[in-house]
Amino acid sequence: MRLNVLLLLVCVTTGWLLWAEPQQRHALNYLQANFDESAIRRYHAWRQLIDQQQSQPALEQLEAVNRFFNLFQFVDDSVLWGQEDYWATPIEFIGMGAGDCEDFSIAKYFTLLEMGFDIQKLRLVYVKAVQLNQFHMVLAYYETPTAVPLILDNLDGAIKPASQRPDLIPVFSFNGQQLWLNRQRGRAEAVGSPERLPQWVELLQRYAHPQQRKGK
C-alpha cells in the first residue's frame, strides 16, 4: 500500500493522474451502480466541458470550470457522507451533485489539471472565512509565481484577485507537489509534501481506483 501511495504522489507531482479509458469506464460503472440518471448526465457534461475548453484562453477556462461546479448544491459532510470531514473525489462529487467547500475546490483543481494547466499555478487554499467565522477551502490560480492569485470560490461566484477577498484569511495551501503554511497574510512558507495530509492521500487512492469510491 505504501508503494502505491508513493506512485500516486509521483503521478500527481507531474501534473495529473492520467485518467485513461479504463478509469473512465470504472467511473461510469460506479455512477450507474450508485446513482440515478442525473449523475450520468452530470458526468457527461463534465467530460464535454473538459473537451470543449482545453483550447480556450486560461481565464475563460477558469470561468467555465468555476461556473460549472458552482451549480452544485452545498451540503455538509455529516449529512452527505455521515462523517465529519470527507474529501470527495470529483467523481463522488459529480455523483452526489453536492458537497462541501473542499469538494468544490478539489473538483475544480483536478478538472483544470486535465485541461492542461501547469500544476505549479494551482493551489488548494485552506482559509478562514471571516464573515462566516469558520474554515473554508478555495482554489487559487497563480499566473506567475509572484502574481496575486485569482480565487475560485463557491461562496462568491465571481473570480477575483486574492487582494479583493479580505474576507478570506489563508491558513495553509497545497497542490500535488508541495504544502505551504501561511505564517501571516501574503507570506507562505514551504513546509514539506502534501503526503502529510491524510485526507489528500486517501482521496488520491480513490481517484486512481474508481471502484473503491463511496456510494450513497
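The values are calculated or read from the model by the stated rules, or taken from the named source; none is laboratory data. Remember, predicted model here, so these are calculated numbers, not experimental data. Methodologically, a virtual Cβ is constructed for each residue, glycine included, from the backbone with ideal geometry; neighbour enumeration extends over all protein chains shown. Surface accessibility is based on the protein's heavy atoms, side chains included, excluding ligands, DNA and RNA. Shrake-Rupley method; radii C 1.70, N 1.55, O 1.52, S 1.80 Å.
Working carefully through the options THR89, THR111, find the one that is of a type in the set (S, T, N, Q), touching a Leu at 6+ places or on another chain (Cβ under 8 Å) and under 26 Å from THR146 (Cβ atoms). So that I can check it myself, show each step before the final result.
Working: THR89 fails: under 26 Å from THR146 (Cβ atoms).
After ruling out the rest, the residue left standing is THR111.
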Quiz item: When you look at LYS108, is it at pLDDT 95 or above and open to solvent by 10 Å² or more (accessible area, probe 1.4 Å), yes or no?
Solution: no
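Among GLU189, GLU202, which is the only one that is part of a helix (DSSP H, G or I) and either of a type in the set (D, E, K, R) or surrounded by 12 or more Cβ atoms within 10 Å (Cβ to Cβ) (or both)?
Values: GLU189 fails: part of a helix (DSSP H, G or I).
Of the residues listed, the single one that is part of a helix (DSSP H, G or I) and either of a type in the set (D, E, K, R) or surrounded by 12 or more Cβ atoms within 10 Å (Cβ to Cβ) (or both) is GLU202.
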Quiz item: Since VAL138 meets every condition but one in (1) in contact with a strand residue (DSSP E or B) (Cβ under 9 Å, 6 or more places away or on another chain); (2) outside any loop (DSSP other than H, G, I, E, B); (3) open to solvent by 40 Å² or more (accessible area, probe 1.4 Å), which condition does it not meet?
Solution: (3)
Practice problem: Give the residue that is farthest from PHE74 (Cα to Cα), with candidates limited to residues of region 111-135 that are open to solvent by 40 Å² or more (accessible area, probe 1.4 Å) and in a helix (DSSP H, G or I). | Solution: GLN120
Exercise. Go through (1) open to solvent by less than 20 Å² (accessible area, probe 1.4 Å); (2) over 19 Å from GLY157 (Cα atoms); (3) touching a Ser or Thr at 6+ places or on another chain (Cβ under 8 Å); (4) not hydroxyl-bearing (Ser, Thr, Tyr) and name the single condition GLU84 misses.
Key: (1)
Quiz item: Among all residue pairs at least 6 apart or on different chains, which show Cβ distances below 7 Å where the first residue, located in region 87-100, is more than 16 Å from ARG206 (Cα to Cα) and the second is open to solvent by less than 10 Å² (accessible area, probe 1.4 Å)?
Solution: GLY97/ALA39; GLY99/ALA88; GLY99/PHE93; ASP100/ASP77
